[in-house]
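Below you'll find the structure, written out as structure tokens, and then a few comments.
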Protein chains: 2
Amino acid sequence: MNPVLDYLRQHEARFISELCDYVRFPSVSAQPQHQVDMRACADWLAQHARQIGLTAEVCPTAGHPVVVAHTPRQTGARRPHFLVYGHYDVQPPEPFELWKSPPFEPRIEGRSLFARGACDNKGQHLAHLNAVEAYLKTGTELPCDLTFVVEGEEEVGSSNLAAFLQQHRAEFDVDAVVISDTGMPARNLPALTYALRGLTALEVKLTGPSRDLHSGIFGGSLDNPAMALCQLLGQLRDRHGRVAVPGFYDDVVKLTPFERKQLARLPFNETAYRKFLGVPRLFGEEGYTAWEQRAARPTLEINGLTSGYQGEGSKTIVPAWASAKLTMRLVPNQDPRRIARLVTQRLKQLCPPTVRLEVKAGHDAEAYLFSPTSPAAQAALRALQTAFGREPVLLREGGSIPIVTDFKKILGVDTLLLGLALPDDNAHSPNEKFDLDNFTAGMRLGACLWPELVAAC
Amino acid sequence: MNPVLDYLRQHEARFISELCDYVRFPSVSAQPQHQVDMRACADWLAQHARQIGLTAEVCPTAGHPVVVAHTPRQTGARRPHFLVYGHYDVQPPEPFELWKSPPFEPRIEGRSLFARGACDNKGQHLAHLNAVEAYLKTGTELPCDLTFVVEGEEEVGSSNLAAFLQQHRAEFDVDAVVISDTGMPARNLPALTYALRGLTALEVKLTGPSRDLHSGIFGGSLDNPAMALCQLLGQLRDRHGRVAVPGFYDDVVKLTPFERKQLARLPFNETAYRKFLGVPRLFGEEGYTAWEQRAARPTLEINGLTSGYQGEGSKTIVPAWASAKLTMRLVPNQDPRRIARLVTQRLKQLCPPTVRLEVKAGHDAEAYLFSPTSPAAQAALRALQTAFGREPVLLREGGSIPIVTDFKKILGVDTLLLGLALPDDNAHSPNEKFDLDNFTAGMRLGACLWPELVAAC
């Protein structure tokens, strides 16, 4: 291992310079005017992979192309095979005026590299490629085969990735997926994210009179759909912060004492967190810490409310209808369809006969759980420990990452989420940066991970 | 009296023709392109009043002019003096395509005259002018002085009327105001409207986080302002349909058995009313009939709800804020300011500490009550009986008519509301019409009313 780590140390300056080249491409997948830049960026990456010794191709999709690169295959028995996922597309840089330096002209200040895409996600998957370069250039044998899949549509919903994976299933005959695209809870606190929440969306509409009615002439003799909606939705959460829908928690897998202990290790300062959110007081399900509430417990959120008159001043009407957008964040083992059904049933039970109820199911995503005590997780934790020289933490994330479910469904494998982004890296915001210490730690992670994983699996 | 009634009968055809002339003016106060038509319409009315023997003037205001016409004054002792109010402006005619004939080309079909403004309000105040003409042309002595005040801004809020009344207070030294601009509950059911509801408006806003937050990353650890708003507003109405605000009903004057008996005489078909509103079931305060609920009981209505994402599909956020527009309809003796204060206090009591509450007071209007057993009311009922040949009903109306409060406050007098509009007259809608039988009954009312009023007061 030492030659690999030595190589990474020796070539650090060049790696940083190459990352600068990479982030100069304004590869904004959402903006049609950057179509050419997208292609140029993909070509640069494939060319770079080839230069360091991989075979690489820019593969077309219905949208932006996917770069696929393989480490040199050995003849003989099948070796363990892992897929490293990343994305070369970036968020739009707007608003430009908030950037201290132009988003596609990388600027280094101390140990930070400022540029759109530096952290999300170019720097993170380039670190893995650098580690592979170190193996190949030092003649150190990689204990496994690696396939890099770097897509160009992550920031616009990865809409062509599932079809691409289906089509190339044979080529992606892997044992696990590794993604560095999540976050670390703090500097020097490396993390394995082992669970994600799922979600299911519903749209609820209550209709009363056939048109907005004069509240003076008619008000009092018919139900007000906006009031009915408030009373209906208000019953879906109790005063202990729990979702008041029978059966909602039935399939929730309890947090183990081990998991709660791990989550308790995460840094948390209530005052700082409250100020960061801007709320007068925190609120959540009783009996759980804020980290548990936001990452490991299911919720029911109202995302939007619409009814009647919303302009300046007032309009004295009984509105014809009122509607709400709901999403339920789900935890592992909760079935999105079942939850949507339970909430719909509850709404029907509670809805008064004075209005008409309509519930429309929206999109959903399954929660993800990867056993934090599994051999692969333990291997990843050891690699994080070596790479960062710090004891890593186990993290659950409250959001959903649909591609993780795609990998599970299409390739049948689990994903190790080993993110390198810091909370202040400004992903999706002006002045995005990547921490160069995390860049080099990420390279060391890419060096240490494969032997650990191969030994464990 | 007979010569007056005979005259009205003899000249009916001409009166209808003159009403046709009057409604040909597209006097749409809301639309600047009709400024010239507004002035022409006011001139026509003043000229017509002069022709039949009144003195008349088109008086400028900051907006559209007011037509003021006086019956010839007699020398000697002060006689009773009444003000007849009307408005020559009309609602916009749009949408044109829904009219069976052009809105400003009067069409007579059976006993209906179709035109914008026919019923609201040109036909109704013209009937009173026709009655005065009959007095003057037949040499019958009017037992009182009459002043007609016909404004041009009723459909846009009468915003210059109060100032105009202030300015001309001396000229309007009247004993009561008479307005024919309300409705009759049904054909052949003449009505005296003796009470109006008031209102007070509030805007409620709950603010949570300083910006919309990702519901995956943060949801569960902070309150959702939209949910908090639903739970807050939902507590303002109990399951008996009563407003759940302490003190809300304290000042409500109970309906007398006489009033309830009168309201019970009004025609009501639950199925037809429910279908007319388009609701699956009626709903209102327990213990009161629909007529009582909509006309004589106070309410709290949500007029609008706004929060978070309202577009297509879903956006997985905890919205930064949620707001609602409320109006409370009030009944006589409820003080709008006090009610606004009570509701605000209740909101403050109920608001959880997890969100910030902001309540903004909007406009308000006092309720109006004119004793239905007073001599003037009894006189008006007798005149209605004679004019229509049917027993009149006593009506309360759920809406507010701010000018009635203006007359009370500025001139210190009560208003008799003797409306001639039928429920199917389509005021404010396409195919507005005026019933010609009500037009002639209105003229007879204008003939019979003054002797009755003078005798009673």
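Some notes on this structure:
- Of the residues B:Glu259, B:Glu312, the single one that is free of Cβ contacts under 8 Å to residues at least 12 places away in the same chain and not aromatic (Phe, Trp, Tyr) is B:Glu312.
- Residue within region A:222-233 that is under 26 Å from the mean Cα position of the chain (by Cα) and charged (D, E, K, R) present: no
- Residue among B:Leu266, B:Leu199 that is surrounded by fewer than 22 Cβ atoms within 10 Å (Cβ to Cβ) and in contact (Cβ under 8 Å) with a residue 40 or more places away in the chain: B:Leu266
- So B:Asp145, is it among the acidic types (Asp, Glu) and farther than 25 Å from B:Arg73 by Cα: no
- Taking residues in region B:443-457 that are over 11 Å from B:Val84 (Cβ atoms) and surrounded by fewer than 24 Cβ atoms within 10 Å (Cβ to Cβ), and partners anywhere that are at pLDDT below 95 and among the aliphatic types (A, V, I, L, M), the pairs with Cβ atoms closer than 9 Å and at least 6 places apart or on different chains are B:Cys448/B:Met1; B:Pro451/B:Met1.
- Taken over region A:276-287, the criterion of being within 19 Å of B:Pro319 (Cβ to Cβ) and out of contact with any Pro (no Cβ under 7 Å at 6 or more places or on another chain) is satisfied by A:Phe276, A:Leu282, A:Phe283, A:Gly284.
- Matching residues in region A:274-287 - criterion: being more than 8 Å from chain B (Cβ to nearest Cβ) and modelled with pLDDT of 95 or more: A:Arg274, A:Lys275, A:Glu286, A:Gly287
- Region B:288-326, subset within 22 Å of the chain's Cα centre (by Cα) and more than 7 Å from chain A (Cβ to nearest Cβ), residue nearest to B:Leu357 (Cα to Cα): B:Leu326
- In the set (1) farther than 23 Å from A:Glu286 by Cα; (2) outside any strand (DSSP E or B); (3) not assigned by TED's automatic domain parsing to the domain that holds A:Arg338, the condition left unmet by A:Glu259 is number (1).
- Meets criteria (hydrophobic (A, V, I, L, M, F, W, C) and either part of a strand (DSSP E or B) or crowded, with 24+ Cβ neighbours inside 10 Å (or both)) for B:Val67: yes
- Subset of region B:245-255 that is in contact with a helix residue (DSSP H, G or I) (Cβ under 9 Å, 6 or more places away or on another chain) and free of Cβ contacts under 8 Å to residues at least 60 places away in the same chain - its residue that is nearest to B:Leu300 (Cα to Cα): B:Asp250
- Within region A:90-103, the set of residues being in contact (Cβ under 8 Å) with a residue 40 or more places away in the chain, assigned to a loop (DSSP other than H, G, I, E, B) and surrounded by 13 or more Cβ atoms within 10 Å (Cβ to Cβ) comprises A:Gln91, A:Pro92, A:Pro93, A:Trp99, A:Pro103.
- Residue match in region A:401-413 (condition: within 21 Å of B:Gly216 (Cα to Cα) and not in a helix (DSSP H, G or I)): yes
- Single unsatisfied condition, B:Pro106 versus (1) closer than 11 Å to B:Val23 by Cβ; (2) surrounded by fewer than 20 Cβ atoms within 10 Å (Cβ to Cβ): (2)
- Residue check, B:Phe218 of a type in the set (Phe, Trp, Tyr) and more than 14 Å from chain A (Cβ to nearest Cβ): no
- Residue match in region B:168-177 (condition: more than 14 Å from every other protein chain (Cβ to nearest Cβ) and not in a loop (DSSP other than H, G, I, E, B)): yes
- Region B:1-32, residues that are under 16 Å from B:Gly139 (Cα atoms), of a type in the set (S, T, N, Q) and at pLDDT 95 or above: B:Gln10
- With respect to the conditions (1) in contact with a Pro (Cβ under 8 Å, 6 or more places away or on another chain); (2) surrounded by 24 or more Cβ atoms within 10 Å (Cβ to Cβ); (3) within 25 Å of A:Ser371 (Cβ to Cβ), A:Ala118 falls short on a single one, namely (3).
- Within region B:208-254, the set of residues being closer than 30 Å to B:Asp335 by Cβ, out of contact with any Leu (no Cβ under 8 Å at 6 or more places or on another chain) and among the β-branched types (Val, Ile, Thr) comprises B:Val252 only.
- Single match in B:Arg237, B:Arg211, B:Arg260 (criterion: closer than 30 Å to A:Ile302 by Cβ and surrounded by fewer than 19 Cβ atoms within 10 Å (Cβ to Cβ)): B:Arg211
- Qualifying strands (runs of 3 or more DSSP E) (wholly inside region A:292-377; at least 1 residues being surrounded by fewer than 16 Cβ atoms within 10 Å (Cβ to Cβ) and modelled with pLDDT of 95 or more): A:356-365
- Of residues in region A:145-168 being farther than 18 Å from A:Tyr88 by Cα and surrounded by fewer than 20 Cβ atoms within 10 Å (Cβ to Cβ), the one nearest to the chain's Cα centre (by Cα): A:Ala163
- Extreme residue, nearest to A:Leu199 (Cα to Cα), among residues of region A:358-378 that are of a type in the set (A, V, I, L, M) and more than 10 Å from every other protein chain (Cβ to nearest Cβ): A:Ala367
- Total residues in region B:348-369, condition more than 15 Å from the chain's Cα centre (by Cα) and in contact (Cβ under 8 Å) with a residue 40 or more places away in the chain: 13
- Residue that is farthest from B:Gly284 (Cα to Cα) [pool: residues in region A:335-344 that are touching a residue at least 24 places away in the same chain (Cβ under 8 Å) and more than 14 Å from every other protein chain (Cβ to nearest Cβ)]: A:Asp335
The values are calculated or read from the model by the stated rules, or taken from the named source; none is laboratory data. Please read these numbers as outputs of a predicted model, since none were measured by experiment. Every residue, glycine as well, gets a Cβ built from its backbone with ideal geometry; the counts of neighbours run over all protein chains shown.
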